[in-house]
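Okay, structure first, notes after.
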Amino acid sequence: SANADGGGRSFPTMSEEGMVLVPTKHDVLFGRSNTTHIGNYNFNQLIEDHREQYDKSSRSEKTAIARRIVSRIQDRPGRFLKMDGGVWVQVSDEVARKRVSQS
């Protein structure tokens, strides 16, 4: 069955325990071996689209830009996922924002 992600959207790819059974094309997968996943490609394009503005911004503006990028992914609807114990799990918005800031 599907679980709501808190934003009113439903993901049929989630198990009852909240583990992701199958990442979608909109998801961003953490880890070095996921560079060819289409969601990661789209994420990297979004990062590049904001890089010039981000590099010129103050610290608080950088945080706001990173939050906007996380929201754009989530609106697709995408999730930020990491492998944990052999299954994909969704990370918090804060972890996702930090990942955006490091990209």
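The values are calculated or read from the model by the stated rules, or taken from the named source; none is laboratory data. Just so it is clear, the structure is predicted and the values come from calculations on it, not from any experiment. Every residue, glycine as well, gets a Cβ built from its backbone with ideal geometry; the counts of neighbours run over all protein chains shown. Accessible surface areas use protein heavy atoms only, side chains included; no ligands, DNA or RNA. Shrake-Rupley method; radii C 1.70, N 1.55, O 1.52, S 1.80 Å.
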Residue list for the stretch 34-57, filter: open to solvent by 90 Å² or more (accessible area, probe 1.4 Å) and either closer than 12 Å to Ser103 by Cα or part of a helix (DSSP H, G or I) (or both): Tyr41, Glu48, Asp49, Glu52, Gln53, Asp55, Lys56
Condition met for Val70 (among the hydrophobic types (A, V, I, L, M, F, W, C), modelled with pLDDT of 95 or more and open to solvent by less than 60 Å² (accessible area, probe 1.4 Å)): yes
Answer from Val100, Val89, Val28, Val95 - the residue that is among the β-branched types (Val, Ile, Thr) and free of Cβ contacts under 8 Å to residues at least 40 places away in the same chain: Val95
Filter result for Ser92 (touching a helix residue (DSSP H, G or I) at 6+ places or on another chain (Cβ under 6 Å) and at pLDDT below 95): no
Positions within the stretch 58-102 being in a loop (DSSP other than H, G, I, E, B) and under 12 Å from the mean Cα position of the chain (by Cα), in sequence order: Arg76, Pro77, Gly78, Arg79, Val91, Ser92
Residues that are modelled with pLDDT under 90 and either crowded, with 16+ Cβ neighbours inside 10 Å or hydroxyl-bearing (Ser, Thr, Tyr) (or both), drawn from the stretch 77-87: none
Residue within the stretch 17-27 that is in contact with a helix residue (DSSP H, G or I) (Cβ under 6 Å, 6 or more places away or on another chain), at pLDDT 75 or above and open to solvent by less than 80 Å² (accessible area, probe 1.4 Å) present: yes
